[in-house]
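Participant: My questions will all concern the structure given below.
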Amino acid sequence: MDIQEIEKIVDLVKNADISELTITGADINNPSRITIHKNLLKKNFSGKTKKSDDINKKAERNTSSPASYTKETFISAPMVGIFHWVDDFKNTGVNVSVGQVVGQIESMKLMNDVVSEHDGIITEIFAEDEIPVEYGQHLFRVENKK
């Protein structure tokens, strides 16, 4: 693959709604692999990202709660990076307690725990596995016990 072909692929990725593209060459004599990463979080006029604004608005809109739970809080990203689910917290309805690890954020090749600051039940998951998150973005909705 020559540089002009790579430049064409980069231009295609810039205009596409994807965050990553990997191309692997099948030539046994000259194996190649190209990975192009793109940050999909586009800045709007306020400096915040559109994706996180949409997620946070969705989180604020959905306020219905079961009768046994009254206060709703969120677990938010403590840093920018790639979010990874922890096995126990891939589904809603899971009990969570203060200090419990609910996910991890990969940043600069290091895995950082996302820890719950609330007791309750996870009622909604806003984060997707292996997708970039930004500081303060809502990852989970937690309904606190009375």
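Participant: Between Ser97 and Leu21, what is the FRET efficiency for a Förster distance of 35 Å, r being their Cβ-Cβ separation, to the nearest 0.05?
Facilitator: Once the sixth-power term is evaluated, E becomes 0.30.
Participant: To make sure I understand the rule: partners must be aspartates and glutamates, Cα under 14 Å from the Cα of Lys90, and not fewer than 8 residues away in the same chain. Which ones qualify?
Facilitator: Hits, sequence-local ones excluded: Glu124, Glu128, Asp129, Glu130.
Participant: For Lys109, Lys14, write out the residues from largest to smallest accessible area, computed with a 1.4 angstrom probe and no ligands counted.
Facilitator: Lys109, Lys14
Participant: Among the chymotrypsin sites (Phe, Trp or Tyr not before Pro) in the range 101-140, which ones are in a DSSP loop with at most 16 other Cβ atoms within 10 Å of the Cβ? Mind listing them?
Facilitator: Counting only loop positions with at most 16 other Cβ atoms within 10 Å, the chymotrypsin sites (Phe, Trp or Tyr not before Pro) in the range 101-140 are Tyr135.
The values are calculated or read from the model by the stated rules, or taken from the named source; none is laboratory data. Everything numeric here is computed off the predicted structure, so don't read it as measured data. Virtual Cβ from ideal backbone geometry, glycine too; neighbours counted across all protein chains shown. To get the accessible areas, we keep the full protein, side chains included, count just its heavy atoms, and leave off ligands, DNA and RNA. Shrake-Rupley method; radii C 1.70, N 1.55, O 1.52, S 1.80 Å.
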